[in-house]
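Asker: Submitted below is the structure of interest, expressed as structure tokens.
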Amino acid sequence: MTGTEFEELVASLCRRDGCIDVRRVGGANDNGADVVGRLPDGRSVVIQCKRYAPTSTIASRELRDLLGAKVHFGADLAVFVTTTRFSRPSEKFALHHGILAVHRDHLGLWNNGASLLSLGEVNGQGQGDSRHRARWNQVYGK
């Protein structure tokens with residue numbers, strides 16, 4: 001799956017969940033947003049999508065960029081969706097600034113039918129217990 005296809009997948013998951021005016025805006029000069037739209041409750045949302053290798057980690061600077069995009073677009077909610085995990089500092093940054101951080105485990109939940117808004121209940125959790133991380137480290141060597 002390309003980065004563009006990943007952005008389209010995220011946009012389609014938003015539409016499935018009842019979001020409206022959803023459009024992919026990613027690419028050069030996207031001002032830090034890949035998908036924008038309106039949640040079912042009418043609030044505006046800006047989403048950054050990163051399709052990274054499993055061994056990568058999302059750094060705090062990427063969340064700072066998303067926070068800037070939230071301001072630029074005047075969005076009510078910022079969401080960061082990734083195929084990997086967040087560093088501990090970036091996860092803390094997201095929680096502190098009200099960013100919904102959708103890591104690989106939450107992405108699986110969302111793709112399997114959980115709604116985007118329901119992921120807010122588990123924001124900042126679920127990047128694997130110690131056994132999960134040990135297995136992950138064996139597979140990916142990190």
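Asker: Collect the residues in the range 83-115 that are among the polar types (S, T, N, Q) and either outside any helix (DSSP H, G or I) or open to solvent by 10 Å² or more (accessible area, probe 1.4 Å) (or both), keeping them in residue-number order.
Answerer: Scanning the range 83-115 gives 83, 84, 87, 111, 112, 115.
For (1) within 12 Å of the chain's Cα centre (by Cα); (2) modelled with pLDDT of 95 or more, each residue gets a yes or a no:
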position: 4; (1), (2): no, no
position: 18; (1), (2): no, yes
position: 22; (1), (2): no, yes
position: 27; (1), (2): no, no
position: 35; (1), (2): yes, yes
position: 42; (1), (2): no, yes
position: 75; (1), (2): no, yes
position: 95; (1), (2): no, no
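Asker: Taking the range 27-58 as the region of interest, how many residues are in a loop (DSSP other than H, G, I, E, B), without any contact (Cβ under 8 Å) to a residue 60 or more places away in the chain, open to solvent by 30 Å² or more (accessible area, probe 1.4 Å) and not acidic (Asp, Glu)?
Answerer: Count: 10.
Asker: Condition (residue is open to solvent by 80 Å² or more (accessible area, probe 1.4 Å), of a type in the set (Val, Ile, Thr) and free of Cβ contacts under 8 Å to residues at least 40 places away in the same chain) applied to the range 3-21: is it met by at least one residue? Give the steps one after another, and end with the answer.
Answerer: Restricting attention to the range 3-21, the residues satisfying the condition of being open to solvent by 80 Å² or more (accessible area, probe 1.4 Å) are 5, 8, 15-16, 20-21.
Next, from what is left, pick out any that are of a type in the set (Val, Ile, Thr): 20.
Now narrow it down to the ones that are free of Cβ contacts under 8 Å to residues at least 40 places away in the same chain: 20.
Yes.
Asker: Across the range 116-135, which residue is modelled with the lowest pLDDT among those that are assigned to a loop (DSSP other than H, G, I, E, B) and open to solvent by 40 Å² or more (accessible area, probe 1.4 Å)?
Answerer: Filtering the range 116-135 for residues assigned to a loop (DSSP other than H, G, I, E, B) gives 116, 123-129.
If we keep only those that are open to solvent by 40 Å² or more (accessible area, probe 1.4 Å) too, we end up with 125-126, 129.
Values: 125: 79, 126: 68, 129: 52.
For the range 116-135, the residue satisfying everything is 129.
Asker: On to the next question. Determine, yes or no, whether residue 73 is of a type in the set (Phe, Trp, Tyr) and within 23 Å of residue 111 (Cβ to Cβ). Break it down into steps so the answer makes sense when it comes.
Answerer: Working: of a type in the set (Phe, Trp, Tyr): yes; within 23 Å of residue 111 (Cβ to Cβ): no.
Against the criterion (of a type in the set (Phe, Trp, Tyr) and within 23 Å of residue 111 (Cβ to Cβ)), residue 73 does not qualify.
The values are calculated or read from the model by the stated rules, or taken from the named source; none is laboratory data. Bear in mind the structure is a predicted one, so any value in this text is a computation, not a measurement. Glycine also receives a Cβ, built like all others from the backbone with ideal geometry; neighbour counts cover every protein chain displayed. The protein model used for the area step is the full one, side chains on, heavy atoms only, and it has no ligands, DNA or RNA in it. Shrake-Rupley method; radii C 1.70, N 1.55, O 1.52, S 1.80 Å.
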